[in-house]
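Taking it in order: structure first as structure tokens, then the write-up.
The values are calculated or read from the model by the stated rules, or taken from the named source; none is laboratory data. Only a predicted model underlies this, so the values are computations on that prediction, with no experimental measurement involved. With ideal geometry, Cβ positions are generated from the backbone for all residues, glycine too; neighbour counts draw on all protein chains shown. Ligands, DNA and RNA are stripped out before the accessible areas are found, and what is left, the full protein with its side chains, is counted by its heavy atoms. Shrake-Rupley method; radii C 1.70, N 1.55, O 1.52, S 1.80 Å.
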Amino acid sequence: MVNVVDSGSKHAPQEMEQFLPGEGKVMYKIQPRKSDTEQALAGNDFDPFALRDNPHPTTDSETLTHLLKASLGTGILGMPFAFMCSGLVMGIFATILTAFICTHCSYVLVKCGHKLYYRTRRTKMTFAEIAESAFQKGPKWCRGFAPVAKFSILFGLFLTYFGTCSVYTVIVASNFEQLISHWTGSPVSLRMLICIMLVPLILIAWVPNLKYLAPVSMVANVFMGLGLGITFYYLVQDLPSVEERDSVVWSTLPQFFSITIFAMEAIGVVMPLENNMKTPRSFLGICGVLSQGMSGVTLIYMLLGFLGYLRYGSKTGESITLNLPIEEWPAQTVKVLISLAVYCTFGLQFFVCLEILWDGIKEKCKKRPTLVNYVLRTVLVTAAVVLAVAVPTIGPFMGLIGAFCFSILGLIFPVVIELIVHWESGFGKYNWILWKNAVITLCGIGALVFGTQAAIKDIVKAYSSNENVGE
């Protein structure tokens, strides 16, 4: 890009200036191309972060709390089983690699969003809006795909997170069903417990925004931390030698990546968190909120996976809580704490669904927006509970949807957006962005294939066991 600079003083002509027209009064010189941010600020001082209007912005610590809760879901309980599929040594390096890829894709999405803020003169965007704007501002051949990209992301996010809300309902009810049956000695209806949870879930869904939801996420982190702490207590008892466990397992390594990616992935909450921040620039960077949160999550995942597989070996359950002795009260406490943590997390997962639907109808509800918003919240929660009551075995099906959606939304879409955003400015030295994104796309395709395969096996296993019980 050539920038014209008016030089007030005379000086000896430089090599490039000798070949440019001029009469001595106006001098021209070649300057490096400025970034989108620098150009926007130089032109009209447009700063999307200063102009962002958030009635209830979240601080960095509150955003970090939400991020930790979004990433430390029930998937962490499957990490010991994942390590059994990879081996102790391979599990450590594979967990770091998976965390790096997932974090990088989230970083890429937010970074592209910041670039597009200046290009579109907007102060905030959702995941779908970033994709739409990237395609609209990209090369001519991709502009017609902008509506398709937006709809695909909205549909995928809503399907995944609405299903997750239903699964969370089943998880909480199932844990309490086991405990109540153990305490009373008589069976309890799972569907009845799910129905009882309707009112508590509506109450947590009525929390108006992420600012007020931060204390709930903090409580959820405390519950999850206590539950994991007691779990670690069981894991460090009578640990065998490391030599008794496999160090590297190649045959089931794809299953490891399938479990770990879908346990760590939180692409749906990244932009809602960034959009509600008081200081959005703090989300990125080496010591930013995203890096801090994912670094802590990765360490916890590795530690639980390593100790869990080391402790139980080939007997490691698909959820580490299955290995805990249900007759002992500390193990029962773990189930209660994790159930409460999942309940508190429901509000954060629900916020993604709410934001998608509310953005689509809020322009038509200007007369009584608050009333309509809370009616929408109530209807959504009721629908999630009805789905859980109708299909209590929804978990394996959501594994299939998650394998399809998270691999595409969490890994493939962010790098496609980055390629389009950098289409005109270039892909860096030796086209390193292009090659890097090609590798990530292959990882996404692998996660899609192996994740889908594992989910289908879970569906077959679930319904086979149900048929055997019926017989």
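Computed with a 1.4 Å probe over protein heavy atoms only, the accessible area of Val167 comes to about 30 Å². The Val199 and Ser247 beta-carbon pair, evaluated with R₀ = 41 Å, returns a calculated FRET efficiency of approximately 0.25.
Solvent-accessible surface of the range 286-392, taken per residue with a 1.4 Å probe and all protein chains present: 45 Å². Less than 5 angstrom separates the built amide H of Thr58 from those of Met277, Lys278, all sequence-distant by 5 or more or on a different chain.
Of all complete DSSP H helices in the chain, those with a Cα span along the helix axis of 27 Å or greater and a mean Kyte-Doolittle hydropathy of -1.0 or more are 88-120, 146-184, 210-235, 289-312, 329-361, 369-390, 432-470. Counting charges near Leu109 (Lys, Arg +1; Asp, Glu -1) among other residues having Cβ under 13 Å from its Cβ returns a value of -2. The heavy atoms of Glu274 offer some 0 square angstrom of accessible surface to a 1.4 angstrom probe. In this structure Asp53 has an accessible area near 120 Å², from a 1.4 Å probe over the protein heavy atoms. By accessible area, using a 1.4 Å probe on protein heavy atoms only, the chain has 65% of its surface on carbon and sulfur. Where a Cα-Cα gap under 30 Å defines reach, which lysines qualify for Lys278, not counting those fewer than 8 residues away within the same chain? The qualifying lysines are Lys34, Lys69, Lys111, Lys115, Lys124, Lys137, Lys150, Lys211, Lys362, Lys364, Lys366, Lys367. Ranking Leu354, Leu299 by solvent-accessible area of protein heavy atoms (1.4 Å probe, all protein chains present), from largest to smallest, gives Leu299, Leu354. Please work out whether the range 358-471 counts as rounded, prolate or oblate from its C-alpha gyration tensor, where a ≥ b ≥ c are the square roots of the eigenvalues and a/c under 1.5 means rounded, while otherwise a/b larger than b/c means prolate and anything else oblate? It is oblate, given that a/c is not under 1.5 and a/b is not larger than b/c.
Entry for the range 195-353 at q = 0.14, 0.17, 0.20 Å⁻¹: log10 I(q)/I(0) = -0.90, -1.20, -1.39, Debye formula applied to identical alpha-carbon scatterers, no solvent contribution.
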